[in-house]
1. Between 85, 359, 266, which gets the highest mean-square fluctuation from a Gaussian network model of the chain, Cα cutoff 10 Å?
2. Picking from 175, 146, 159, whose Cα lies most toward the positive end of the charge dipole for region 143-196 (charges on Cβ: Lys, Arg +1; Asp, Glu -1)?
3. Can you tell me the 0 to 90 degree angle between the C-alpha axis of helix 277-286 and the longest principal axis of the chain, rounded to 10?
4. Tell me, what is the per residue accessible area of the chain in Å², probe radius 1.4 Å?
5. Please build a GNM for the chain, connecting alpha carbons under 10 Å apart, and tell me which residue among 344, 112, 335 fluctuates the most.
6. Hey, which aspartates and glutamates would be in cross-link range of residue 34, C-alpha to C-alpha under 14 Å, not counting anything within fewer than 8 residues on its own chain?
7. Mind checking region 197-294 for trypsin sites (Lys or Arg not before Pro) that DSSP puts in a loop (not H, G, I, E or B) and that have at most 14 other Cβ atoms within 10 Å?
8. What are the aspartates and glutamates whose alpha-carbon lies under 17 Å from the alpha-carbon of residue 373, with same-chain residues fewer than 8 places away excluded?
Amino acid sequence: MDRKIAVVGLGYVGLPLAVAFGKKARVIGFDINKPRIEELKKGIDRTNETSSADLAATNVDFTSDASRLKEADFIIVAVPTPIDHARRPDLTPLKGSSTSVGQNLSKGAIVVYESTVYPGVTEDYCAPILERESGLKCGKDFFLGYSPERINPGDKVHTLENIVKVVSGQTPEVLDVVASVYELVVKAGVHRAANIKTAEAAKVIENTQRDLNIALVNELSLIFDRIGIDTLDVLEAAGTKWNFLPFRPGLVGGHCIGVDPYYLTHKAEELGLHPQVILAGRRINDGMAKYVAEKTIKTLIQGGVNPNGARIGVLGITFKEDVPDLRNSKVFDIVNELRDYKTVTLVHDPEADPAEVHHESENIELCSAAELKNLDAVILAVSHQEFKAKGIEWIKSMLKKGGVVVDVKALFKKTDFDGYLYWRL
């Protein structure tokens, strides 16, 4: 391949991308996080998305020196696009990365963004930064592309190579180049979007659609709980129809589903539109952590336990099973809500980094499994394989006689905990 590739941002999205391309050509892997670069050079990926063997087998030159980007003529930007405390798009990482790329942009280069954004960000927000910092003209001296990331953290089946890649380019000629580059590593092939804005929109609605479907079953679970019937029993019965969608209730966290809809609604409101369905879904999903905490407290009271001083164990704090990723995890909200009731809440997670947990919330320190004793309640918040393997008797060993089990992920059946107060979402 003639193109020299650089990947900017080596997190859950950028690193697997750099490693995949590094098996085909020499790649520059850039990140501003110097400790992260040093770890990668030693073959360590703390996200667990890439193994030491994969890192050893790829030809990626890891660096925190932005000037190395001058060597590349195909630059992929894969930095996070979070929301701020007011739930507005936070484009700070995108601004910083675009500034670094612009200051080291070679004439004739193609810059492809993978970060999730609302339609128009690549051309209307990023391009002016690149032009200002480089002194080059977009569409003449350098060109743009957009190819939305579809990485699913912890998923070893639906990987970069096995998921169709949506690609777009500023011109038909640029699109041809972008498509040919990604086809080097994506076995499932590429889908050529009509234009960059279309590709941006496609990405942001993928997770918005999923968010709304989960919101529906979450709202149904609230209704069924009031009626006194089990949500999973209802969903399994309804699921016997061929076209019933198999969504389950749960906490919606992470860097995509709980974030991306706000990018779309932000753009809509800029245009004078006021989304109702999308924001209604967000309100439901954002409220589920509080609901789980309140249900735990009510169940304790029903069992004759005063919440003030009650010992509660929370199993799992990452945003999903079998990953160390804490981004936007709603389990933090559960813990903080429980502590408002003056409970003694202990958190155990074998996947999470204790330092990162403490950085995310100074009030939360992870405990060992051995410390989970004499508990009034256990909340199964995340379905890590380790928890499944240890099983029912391990959970019972933590609890006082007749204690409360709150099974957020519906891992078990009510009959598994006869003699205990069991509730699942």
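1. 85
2. Of the candidates, 159 comes out farthest on the positive side.
3. With both axes taken from Cα atoms, the answer is about 50 degrees.
4. Solvent-accessible surface per residue comes out at 45 Å².
5. 344
6. Partners within reach: 45, 61, 65.
7. Here the sparse-neighbourhood loop sites are 241.
8. Correct list for residue 373: 349, 365, 393.
The values are calculated or read from the model by the stated rules, or taken from the named source; none is laboratory data. These numbers were taken from a predicted model, which means no experiment stands behind them. Positions of Cβ are backbone-derived with ideal geometry, glycine not excepted, and every protein chain shown enters the neighbour counts. For the accessible areas, the whole protein counts, side chains as well, though only heavy atoms, and no ligand, DNA or RNA atoms are used. Shrake-Rupley method; radii C 1.70, N 1.55, O 1.52, S 1.80 Å.
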